[in-house]
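What follows draws every value from the coordinates through simple rules; no lab data is involved. Since the model is a prediction, treat every value here as computed from it, not as a measurement. Positions of Cβ are generated from backbone atoms using ideal geometry, with glycine treated the same way; all protein chains shown enter the neighbour counts.
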């Protein structure tokens, strides 16, 4: 359901302001014109250093139209409202107790293709995600469609996780290829069915990543052409960002029938388009001030 602007009346604002959802996304049910609508809302009572730049970023995010991006439907003041994802996140789908059988590799690779298409759409709009993970990927349309949630409030802090690229731990310098690293971890998690660095604290994960540690590629599920998929995963999480494939190349690869994949070269260099996007990071609306 896409919310309409008329829903953003004083009744809904009053309802959201009274809720204890400061700093957290929360499911809320709002009644408008005698109908109940589920929404995904976040109230931000804490102001940021450059509130005008933040609001500008929110407006630009709202303008992005893409099937694989969970966009901000409405915003007013410090309230953000997104489409409600009733089917939940990819994380819950992969690791939830209701998963009783091995999911088809065709289905999983289709999710990964949609994920890359969403990332590419963000990068073409000179927006870096900075916090990609399976918890920020949501499912719709009877589990067929995957959409990326981009939380603009997360750009003001770096959260260390299993998806954090090593260059961020060294220099805090984010680029499109840092998002590619995160995608590599997501691809591993999706095709292995395991949680990356499960049970480890964030400081332990950071030390492991800095020392070249990555999730194990051993004992992955026996999908067809799993060795080719492993090669792609290794390239995505390479220590050297310049040796990672660009999102354009990933989208091209995942657009083909994966049964036709051939052995990938050891290094895929960034193309000019991707470099141009990275060079514009200083003017990126999502850049940390």
State the extension gain, in nm to one decimal, for the chain segment bounded by residue 211 and residue 159, taking 0.36 nm per residue of separation less the distance between their alpha-carbons. 16.9 nm
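What shape does region 191-253 take by its C-alpha gyration tensor, where a ≥ b ≥ c are the square roots of the eigenvalues and a/c under 1.5 counts as rounded, a/b above b/c as prolate, and the rest as oblate? Numbers along the way, then the final one.
Working: a/c = 2.42, a/b = 1.25, b/c = 1.93.
Here region 191-253 falls in the oblate category.
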So for the pair residue 225, residue 144, with labels modelled 7 Å out along Cα→Cβ, what separation do we get in nm? 2.2
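Going by the alpha-carbon gyration tensor, a ≥ b ≥ c the square roots of its eigenvalues, is region 131-230 rounded (a/c under 1.5) or, if a/c is not under 1.5, prolate (a/b greater than b/c) versus oblate? Could the numbers behind the result be given before it?
On the way: a/c = 1.89, a/b = 1.15, b/c = 1.65.
The shape class here is oblate.
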Evaluate E = 1/(1 + (r/R0)^6) for residue 87 and residue 63, where r is the Cβ-Cβ distance and R0 equals 30 Å; express this FRET efficiency to the nearest 0.05. 0.70
